[in-house]
Amino acid sequence: MSADLHHLAKSALRRAMMAIGRGDISAVDDTKQAQELQLTLLDGETADQMERFQEYGFTSVPFPKAEAIMACVGGLRGHGVIIAVEDRRYRLTNLIAGEVALYDDQGQAVHLKRDGIYITTSGKVVVNATGDVDVTAGGVANIDAATVNLGGAGGPAVARVGDSVNLATGVIETGSAKVNAA
């Protein structure tokens, strides 16, 4: 093998070996159109301003020490992109084949299970809609809460099936102080 050919083969092998890298996230810049990460790679190498590719419609800001896989275009470390981020410290486990989940470090999750959709949080769930909101159930719709306000707090009481209502005055005589309508 000629010296030139040997040099080209060695260069191509080096680029192939450098094409994929793995490292820990040390910094995140989420202010730009494409999120940029700083990685600490094997052997203490630092990769700065690495663009992170995320799936359309999904975005996240990973914690430091989360792991990332980078691909280097042409095997050049100066032209790397992040193609996957994993944080095994918080990942949901024991899902069944076909299930999908969104989750975070606080234990919050939206889990598309085989038998339905489950939302888990210790915080507040807010639905903001400028249009209509429809809830359709083929079975029973249950609300189990300390207080239920329909149209906001402080409205008049709502009679439920079985509540006593004075037909002459329209006053609810027995009912729930927990269910109100505006």
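The values are calculated or read from the model by the stated rules, or taken from the named source; none is laboratory data. Treat the numbers as computed from the prediction; the structure is a model and nothing was measured. Quick reminder, even Gly has a Cβ in these numbers, built from the backbone with ideal geometry, and neighbours come from all protein chains shown.
Residues in the range 1-51 that are among the small types (Gly, Ala, Ser), loosely packed, with under 12 Cβ neighbours inside 10 Å and farther than 18 Å from Gly75 by Cα: Ser2, Ala3, Gly44.
Any residue in the range 54-62 that is modelled with pLDDT under 90, out of contact with any Leu (no Cβ under 9 Å at 6 or more places or on another chain) and of a type in the set (Val, Ile, Thr)?
Kept after step one, since they are modelled with pLDDT under 90, are these residues of the range 54-62: none.
No, the conditions are met nowhere in the range 54-62.
Among the residues of the range 119-133, is any surrounded by 11 or more Cβ atoms within 10 Å (Cβ to Cβ) and closer than 28 Å to Val61 by Cβ? First the steps, then the outcome.
Filtering the range 119-133 down to residues surrounded by 11 or more Cβ atoms within 10 Å (Cβ to Cβ) leaves 120-121.
Those still in the list that are closer than 28 Å to Val61 by Cβ too: 120-121.
Scanning the range 119-133 turns up at least one residue that is surrounded by 11 or more Cβ atoms within 10 Å (Cβ to Cβ) and closer than 28 Å to Val61 by Cβ.
Residues of the range 86-124 that are of a type outside the set (Ser, Thr, Tyr) and not in a loop (DSSP other than H, G, I, E, B): Glu86, Val100, Ala101, Leu102, Ala109, Val110, His111, Leu112, Lys113, Gly116, Ile117, Ile119.
Val100 - would you say it is surrounded by 12 or more Cβ atoms within 10 Å (Cβ to Cβ), within 30 Å of Gln38 (Cβ to Cβ) and at pLDDT 95 or above? If you could, list the steps in order and put the result at the bottom.
Working: surrounded by 12 or more Cβ atoms within 10 Å (Cβ to Cβ): no; within 30 Å of Gln38 (Cβ to Cβ): yes; at pLDDT 95 or above: yes.
No.
Inspect all residues belonging to the range 40-52 and state whether any of them is part of a loop (DSSP other than H, G, I, E, B) and within 16 Å of the chain's Cα centre (by Cα). No - not one qualifying residue is present in the range 40-52.
Do the conditions hold for Ile25, that is, is it under 22 Å from the mean Cα position of the chain (by Cα), part of a strand (DSSP E or B) and not charged (D, E, K, R)? Explain how you work it out, then say what you get.
Details: under 22 Å from the mean Cα position of the chain (by Cα): yes; part of a strand (DSSP E or B): yes; not charged (D, E, K, R): yes.
For Ile25, the condition - under 22 Å from the mean Cα position of the chain (by Cα), part of a strand (DSSP E or B) and not charged (D, E, K, R) - is met.
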